[in-house]
1. Just the Cα atoms of segment 169-247, one point each, no solvent: what log10 I(q)/I(0) does Debye give at q = 0.11, 0.21, 0.24 Å⁻¹?
2. By average Cβ neighbour count within 10 Å, what is the ranking of 43-55, 94-106 from highest down?
3. Any chance you could check the Cα centroid distance between segment 261-308 and segment 48-122 for me, in angstrom?
4. How large is the dipole of segment 46-118 about the Cα centre if only Lys and Arg carry +1 and Asp and Glu carry -1, each at its Cβ, rounded to the nearest 20 debye?
5. Taking 8 Å as the Cα distance limit and 6 or more residues as the minimum spacing, I'd like the relative contact order of segment 248-371 as a percentage.
6. Provide the convex hull volume over Cα atoms per residue for the chain, in Å³.
7. Ordered by residue, what ³J(HN,Hα) values in Hz, to whole numbers, does segment 165-174 give under the Karplus form 6.51 cos²θ - 1.76 cosθ + 1.60, where θ = phi - 60° and Gly and Pro are x?
8. Taking a probe of 1.4 Å, how large is the accessible area per residue of the chain, in Å²?
Amino acid sequence: MSADLPDPSELTVRLAPGVREFDPQQWNALGGSRNPFVSHEFLSALEDSGSVGEGTGWDPVPIVITDGDDRLLAAMPSYAKGHSQGEYVFDQSWADALHRAGRNYYPKLQIAAPFTPASGPRLLLSDPAFAGHLLKGAELVCEQNGLSSAHATFIEESQLPLFEAGNWLIRSDIQFHWLNRNYDDFDGFLAELSSRKRKNLRKEREAAQKGLRIARLSGDDIKAHHWDAFWIFYQDTGARKWGTPYLTREAFTLLGERMGEQMVLILAFDGDEPIAGALNFVGSDAIYGRYWGCTRDVRFLHFELCYYQAIDIAIELGLPRVEAGAQGGHKLMRGYEPVKTWSAHWLADPEFRAAVADFLEREREGVSTDQMYLDRRTPFKKG
């Protein structure tokens with residue numbers, strides 16, 4: 001450890017009952033100021049709204065390091081999980097395999113931003129030297145409480161070496177992100193596409209906007225009736241995708257109050273009636289599309305609100321990329337490119353770990369092959 005760091009004997013690694021226990025400024029100073037989904041505002045809003053906690057299968061147990069003055073030096077947003085819902089990195093086959101072997105996979109420890117397939121820091125550090133302490137703390141939590149494993153999902157790539165140094169297993173997958181190559185406007189982006197694809201995107205935007213008014217709202221401009229309308233949209237999409245929406249209605253109110261300036265709510269109106277909406281979060285280097293829904297099916301409106309409007313915003317704000325969430329090969333033809341995402345896994349059982357390690361090695365080969373194939377199918381001009 002460097003000379004200006006506390007003596008290791010003065011450090012305490014402990015579990016806390018929630019992020020809201022900590023001072024927001026201290027927590028955000030560790031990394032939450034640049035990534036909205038590990039911010040104190042986001043994580044505490046999930047706790048205070050009942051979106052995580054008792055009865056949800058997401059029990060907050062952040063692991064933190066403090067010094068002798070109880071100053072926060074490092075943290076991991078962590079949750080004791082009794083299922084694998086809301087993670088977007090699928091390990092149900094691992095759970096089934098361990099169950100067939102006569103052992104329990106649940107409960108497990110999940111290091112993540114709940115319900116959020118967006119990359120970001122999972123080790124929040126005042127100094128990289130604390131990374132090993134946090135990872136060892138997670139392993140001890142699992143061993144002392146009978147948890148089968150610990151999983152850090154959607155890790156930003158710069159933190160992979162920290163998990164590799166801790167001998168955690170690394171897993172990769174693919175998302176589709178839009179990358180801003182210093183475009184002046186949407187037309188500048190379109191100019192990079194093949195002629196046919198460029199025409200298709202223009203036609204889609206024209207068809208989606210016809211007869212509708214598109215509004216972008218942030219901060220205090222987002223009123224309670226806007227959240228009421230969006231809640232209806234969100235419930236419809238959540239019920240169709242997950243069975244039960246993850247966030248409560250109160251979560252949107254609290255998020256709006258605590259981090260409204262980092263949110264862009266895009267609504268489509270037919271006259272005065274809102275018929276569809278998409279919610280985005282703005283970070284220091286990306287805009288993140290998170291939730292979408294509608295009460296009326298309008299052709300191409302989903303693409304307009306979730307993908308094209310986000311591109312417009314990223315260009316206006318000078319942000320390097322748009323992360324529009326999980327899944328969606330249809331993003332590829334709309335200028336979103338295949339990008340690897342990463343997770344890291346610690347498994348208590350040595351035999352199970354060996355089997356998963358073998359699986360991951362073969363899976364990574366397939367992911368790399370898929371990415372090369374998808375790279376060739378982007379709509380950009382070739383040659």
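The values are calculated or read from the model by the stated rules, or taken from the named source; none is laboratory data. It should be emphasised that the depicted structure is a prediction, and the values quoted were computed from it without experimental measurement. Positions of Cβ are backbone-derived with ideal geometry, glycine not excepted, and every protein chain shown enters the neighbour counts. All accessible areas refer to the heavy atoms of the entire protein, side chains included, with ligands and DNA or RNA removed. Shrake-Rupley method; radii C 1.70, N 1.55, O 1.52, S 1.80 Å.
1. Those come out to -0.59, -1.08, -1.09, one per q.
2. Values: 43-55: 19.2, 94-106: 14.5.
Packing proxy ranking, top to bottom: 43-55, 94-106.
3. 28 Å
4. Charge dipole, segment 46-118, about its Cα centre: 440 debye, nearest 20.
5. Taking the mean separation of contacting Cα pairs over the length of segment 248-371, I get 16 percent.
6. 151 Å³
7. The phi angles translate into 5, x, 6, 7, 7, 9, 10, 10, 8, 10 Hz.
8. Details: 16830 Å² over 383 residues.
For the chain, the per-residue accessible area is 44 Å².
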